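The structure appears right after this line, and notes come after that.
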Amino acid sequence: MKNASSESSAFSAYAALTTAAVVWGGSVVAQKVALGPFSPVETSVFRGLGALLILIPLWLWREGVVPFSRKDWQNFFFLGIGVLGNHLFVLFGLQFIGAGAAGIIIGSSPAITAFLSSLILKDIPLRVIWLGCLVSFLGVLSISGREAVDGLGSNPLLGGSLVVCALVSWALYTIGCRKTMERFSPLTVTWTTLLLSMIFEIPLLSLSHKVLVTGVESVPVSGWLALLYVMVFATALGQQAWLFGVKGIGPSRAGIFGNLIPVSALCFSVMILGEPVGMREISGIGLILIGVWLVDRQSCAVLVKVP
């Protein structure tokens with residue numbers, strides 16, 4: 001019974017992480033669309049406020065009021081900085097780099113998360129997971145190709161550097177959440193850290209704004225739909241699903257699922273933009289999935305050996 005329960009828990013974690021990766025792949029396209037009528041800070045603030053309107057009532061309904069100690073708020077505060085960095089660095093980066101180039105960089109998230117997790121938590125040795133990370137990253141390169149690596153944008157180097165900073169912020173957030181979620185649910189961690197990140201973001205509206213000057217009537221329907229997608233799916237659903245998965249299998253093994261984001265972005269491009277899919281894309285998807293399997297298999301082997 002215990003093994004069956006463990007397998008069911010692992011399956012739920014994998015399903016949650018896959019859901020988050022699929023949603024976030026679409027969110028790269030949605031954020032790029034939203035950055036037309038909205039500034040980066042406006043996009044981040046509006047999506048955060050909208051997500052909180054969903055998450056807080058849901059939290060009150062499912063869990064009720066949960067008391068937080070001063071230590072808890074300190075932990076939430078530092079995790080909130082990770083959320084802040086991830087949201088703003090990606091949005092500002094997308095102003096200077098194309099979505100394809102951003103996708104290839106985001107695909108390196110598992111390597112960053114696994115590396116930092118092995119250094120900070122020492123949960124799984126880096127020598128165990130490096131092969132799976134490498135295979136998955138090769139798959140990301142295969143999908144993106146040289147055109148995507150070169151990217152389209154006014155300053156790909158600056159944009160790429162900002163996206164990497166976002167990945168570091170997210171990796172630290174993922175690692176920090178593991179211990180915090182020993183006491184709190186993913187839902188609690190999601191809304192508290194998002195709320196605290198908003199405290200820093202709202203004042204930044206004075207420095208980065210578009211709609212606040214041009215008015216909401218200037219925003220096309222596509223802009224509102226993109227913002228709604230990022231608000232509901234990427235922020236409210238995706239982040240909670242990711243934290244649930246991290247709680248189930250740990251940050252090192254969870255991080256490899258970030259390589260599924262380019263696969264999701266490719267599918268959204270086909271459905272929305274009508275872009276063709278060739279053998280390069282298919283082989284890349286295969287490599288990414290093999291990398292996910294390798295990291296999971298090697299990680300499980302290490303955990304079994306631990307007395």
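The values are calculated or read from the model by the stated rules, or taken from the named source; none is laboratory data. Owing to the predicted nature of the structure, the values given are computational and were not obtained by experimental measurement. A quick note on method: Cβ atoms are made from the backbone with ideal geometry, for glycine too, and the neighbour counts reach across all protein chains shown. For the accessible areas, the whole protein counts, side chains as well, though only heavy atoms, and no ligand, DNA or RNA atoms are used. Shrake-Rupley method; radii C 1.70, N 1.55, O 1.52, S 1.80 Å.
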_Pull out all pairs, ordered by first then second residue, where Cβ-Cβ is under 7 Å, the residues are six or more apart or on different chains, the first lies in segment 259-283 and is within 12 Å of residue 24 (Cβ to Cβ) and hydroxyl-bearing (Ser, Thr, Tyr), and the second is open to solvent by less than 20 Å² (accessible area, probe 1.4 Å) and at pLDDT 70 or above._
264/21; 264/25; 264/26
*Here are some conditions: (1) open to solvent by 10 Å² or more (accessible area, probe 1.4 Å); (2) over 22 Å from residue 106 (Cα atoms); (3) part of a helix (DSSP H, G or I). Residue 51 meets all but one. Which one does it not meet?*
(1)
*Of all residues in segment 54-80, count the ones that are part of a helix (DSSP H, G or I) and either farther than 15 Å from residue 239 by Cβ or among the basic types (Lys, Arg) (or both).*
12
_Failed item in (1) more than 19 Å from residue 102 (Cβ to Cβ); (2) more than 13 Å from the chain's Cα centre (by Cα); (3) of a type outside the set (A, V, I, L, M, F, W, C), with residue 245 passing the rest_ = (2)
_Is it the case, given these coordinates, that residue 94 is over 19 Å from the mean Cα position of the chain (by Cα) and either within 22 Å of residue 48 (Cα to Cα) or open to solvent by 30 Å² or more (accessible area, probe 1.4 Å) (or both)?_
no
_Among the residues in segment 55-70, are any over 26 Å from residue 188 (Cβ atoms) and open to solvent by less than 10 Å² (accessible area, probe 1.4 Å)?_
no
*Which one of 45, 128, 140 is in a helix (DSSP H, G or I), in contact with a Pro (Cβ under 6 Å, 6 or more places away or on another chain) and either modelled with pLDDT of 85 or more or aliphatic (A, V, I, L, M) (or both)?*
140
_Index of the failed condition, residue 132 passing every other in (1) over 25 Å from residue 198 (Cβ atoms); (2) without any contact (Cβ under 8 Å) to a residue 40 or more places away in the chain; (3) among the small types (Gly, Ala, Ser)_ = (2)
_Restricting to segment 155-202, and then to whatever is over 18 Å from the mean Cα position of the chain (by Cα) and farther than 20 Å from residue 73 by Cβ, can you tell me which residue is least open to solvent (accessible area, probe 1.4 Å)?_
156
*Looking at segment 90-107, which of its residues are more than 15 Å from residue 47 (Cβ to Cβ) and outside any loop (DSSP other than H, G, I, E, B)?*
93, 99, 100, 101, 102, 103, 104, 105, 106
*Does segment 214-245 hold any residues that are closer than 21 Å to residue 170 by Cα and among the small types (Gly, Ala, Ser), and which are they?*
234, 236, 238, 241, 245
_residue 97 being in contact (Cβ under 8 Å) with a residue 24 or more places away in the chain and closer than 24 Å to residue 160 by Cβ_ = yes
*Only residues that are touching a helix residue (DSSP H, G or I) at 6+ places or on another chain (Cβ under 7 Å), open to solvent by less than 20 Å² (accessible area, probe 1.4 Å) and outside any helix (DSSP H, G or I): list them for segment 209-234, please.*
219
